[in-house]
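Undergrad: Structure provided below as structure tokens; questions to follow.
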Amino acid sequence: MSDAATRILEQLQAQNDLRMDAANDIAHAVAARVKAEHDLAQAVAAEKQAFASALKKGWTQPELDKISPSRATRKRATRKSATTATTTENPTT
């Protein structure tokens, strides 16, 4: 093989190595996201079970609603959406 051909192949190999490094980074990032989604699903299931158990042990739903992080998040999101919708529909300018 000629020197010119060898240089071209080396350049192409170097470019391919960089691309494979990027592909490896993507694969690790996707794997981390998939694991996080799985862990989140397990945590949500455990939280749901804990709240169901609390109801059986004498807590009331209104009491639990006050301490439920997901319930509080939904209330904030609903209030924010309602405020945004009102502002958008009836601008004060």
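The values are calculated or read from the model by the stated rules, or taken from the named source; none is laboratory data. Just so it is clear, the model here is predicted, and its values are computed rather than measured. For the accessible areas, the whole protein counts, side chains as well, though only heavy atoms, and no ligand, DNA or RNA atoms are used. Shrake-Rupley method; radii C 1.70, N 1.55, O 1.52, S 1.80 Å.
Undergrad: In region 13-40, how many residues are open to solvent by 90 Å² or more (accessible area, probe 1.4 Å) and aliphatic (A, V, I, L, M)?
TA: Total satisfying the criteria: 4.
Undergrad: Please enumerate the residues belonging to region 1-12 that are open to solvent by 100 Å² or more (accessible area, probe 1.4 Å) and either in a helix (DSSP H, G or I) or among the small types (Gly, Ala, Ser) (or both).
TA: Taking region 1-12 first, the residues open to solvent by 100 Å² or more (accessible area, probe 1.4 Å) are 1, 3, 7, 10-11.
Of everything in region 1-12, those that are open to solvent by 100 Å² or more (accessible area, probe 1.4 Å) and either in a helix (DSSP H, G or I) or among the small types (Gly, Ala, Ser) (or both) turn out to be 3, 7, 10, 11.
Undergrad: Can you name the number of the only condition in (1) open to solvent by 60 Å² or more (accessible area, probe 1.4 Å); (2) modelled with pLDDT of 95 or more; (3) not in a loop (DSSP other than H, G, I, E, B) that residue 52 fails?
TA: Residue 52 satisfies every listed condition except (1).
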